[in-house]
Amino acid sequence: MAAQLIDPKQLKRIRLQLGYTQAGLADAAGVSQSIVAKVEAGAVDPTFKTLRAISAALNSRIVTTGKKAADIMSSPVISVNSDMKLSECVAIMKKNGFSQMPVFSGERMVGTITEGRILNILATAPNPAEVLNQHVRDHVQPVFAVVGRDTPVEALFSLFGYLPAVLVVSGEKVLGIITKIDMLAAGT
């Protein structure tokens, strides 16, 4: 089976998490230590062959927990409707201690809303009270990434470098949500 290619921008973080030195990783991958250092520094873009070799070495060191996305997700997913007022959204976030939530229009997920986005809107608004009466749909951000219920937890690490949460789905049905705190609680 082919090794999952790692994101070169995440190389140093992954290498350190797995307990490799640059020299140790280079030896395991059959590349020079200097190329590992240059890739980590962003000084070079690795060839596909080099990235494949480094990825294979890293993947061989990963000890899988056997946990799947469905094992660590929070369910049911608490969400907001795009027709809600921002004030209602803030109340739900406060009540549940959430910093972000998926936004639905009926059964269809249309995006996300985050406390950071709401704070930025309020900070730049001439009249913050008016902003809170606006609809969530007017301030929606891109949809969270989605993964299947059987996605290995280890495969989720790279997503959390860029995203605050991922949704777990089966077909078009949203089963649960995984946030950074869920990843930490899973012991991964």
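Do we find that V143 is within 17 Å of the chain's Cα centre (by Cα), aliphatic (A, V, I, L, M) and not in a strand (DSSP E or B) in this structure? Let's see the steps before the verdict.
Working: within 17 Å of the chain's Cα centre (by Cα): yes; aliphatic (A, V, I, L, M): yes; not in a strand (DSSP E or B): yes.
Yes; evaluated as a whole, the condition is true for this residue.
Looking at this structure, is D138 within 16 Å of M101 (Cα to Cα), part of a helix (DSSP H, G or I), over 16 Å from the mean Cα position of the chain (by Cα) and not aliphatic (A, V, I, L, M)?
It is true that D138 is within 16 Å of M101 (Cα to Cα), part of a helix (DSSP H, G or I), over 16 Å from the mean Cα position of the chain (by Cα) and not aliphatic (A, V, I, L, M).
May I ask you to list the residues in the range 94-110 that are free of Cβ contacts under 8 Å to residues at least 24 places away in the same chain, farther than 21 Å from G171 by Cα and in contact with a helix residue (DSSP H, G or I) (Cβ under 8 Å, 6 or more places away or on another chain)?
F98 - this is the single residue of the range 94-110 that is free of Cβ contacts under 8 Å to residues at least 24 places away in the same chain, farther than 21 Å from G171 by Cα and in contact with a helix residue (DSSP H, G or I) (Cβ under 8 Å, 6 or more places away or on another chain).
Among the residues in the range 102-125, are any assigned to a helix (DSSP H, G or I), surrounded by 17 or more Cβ atoms within 10 Å (Cβ to Cβ) and either small (G, A, S) or modelled with pLDDT of 90 or more (or both)? Talk me through it step by step, then tell me what you get.
Initially, the range 102-125 is screened for residues assigned to a helix (DSSP H, G or I), giving 115-124.
Subset that is surrounded by 17 or more Cβ atoms within 10 Å (Cβ to Cβ): 118.
Subsequent filtering for residues that are either small (G, A, S) or modelled with pLDDT of 90 or more (or both) retains 118.
There is at least one residue in the range 102-125 that is assigned to a helix (DSSP H, G or I), surrounded by 17 or more Cβ atoms within 10 Å (Cβ to Cβ) and either small (G, A, S) or modelled with pLDDT of 90 or more (or both).
Check off (1) within 24 Å of E154 (Cα to Cα); (2) in the same structural domain as P142 (by TED's automatic domain parsing); (3) touching a helix residue (DSSP H, G or I) at 6+ places or on another chain (Cβ under 6 Å) for K12 and give me the number that stays unchecked.
Evaluating K12 over (1) within 24 Å of E154 (Cα to Cα); (2) in the same structural domain as P142 (by TED's automatic domain parsing); (3) touching a helix residue (DSSP H, G or I) at 6+ places or on another chain (Cβ under 6 Å) leaves (2) as the failure.
Filter the range 87-101 down to residues that are outside any helix (DSSP H, G or I) and of a type outside the set (A, V, I, L, M, F, W, C) and give me whichever is surrounded by the most Cβ atoms within 10 Å (Cβ to Cβ).
The extreme case among them is Q100.
Quick check, is L132 modelled with pLDDT under 95 and in contact with a Leu (Cβ under 7 Å, 6 or more places away or on another chain)?
yes
Within the range 37-66, can you find the residues that are at pLDDT below 90 and either surrounded by 15 or more Cβ atoms within 10 Å (Cβ to Cβ) or among the aliphatic types (A, V, I, L, M) (or both)?
Passing the criteria: S55, A56, A57, L58, N59, R61, I62, V63.
It is to be established whether one or more residues within the range 64-86 are over 22 Å from P164 (Cα atoms) and in a helix (DSSP H, G or I).
Looking through the range 64-86, none of the residues is over 22 Å from P164 (Cα atoms) and in a helix (DSSP H, G or I).
Among the residues of the range 151-186, which ones are part of a helix (DSSP H, G or I) and out of contact with any Lys or Arg (no Cβ under 8 Å at 6 or more places or on another chain)?
Once the filter is applied, which keeps residues that are part of a helix (DSSP H, G or I) and out of contact with any Lys or Arg (no Cβ under 8 Å at 6 or more places or on another chain), the range 151-186 yields E154, A155, L156, F157, S158, L159, K180, I181, D182, M183, L184, A185.
V131: surrounded by fewer than 16 Cβ atoms within 10 Å (Cβ to Cβ) and in contact (Cβ under 8 Å) with a residue 40 or more places away in the chain, yes or no?
Taking the combined requirement at face value, the residue does not satisfy it.
Residue pairs, Cβ under 8 Å, 6 or more apart or interchain, first in the range 39-52 and within 16 Å of Q10 (Cβ to Cβ), second of a type in the set (S, T, N, Q). List them.
The qualifying pairs are V39/T50; E40/Q22.
The values are calculated or read from the model by the stated rules, or taken from the named source; none is laboratory data. Given the structure is predicted, the values throughout are model-derived calculations rather than measurements. Cβ sites come from the backbone with ideal geometry, for glycine too, and all protein chains shown count toward neighbours.
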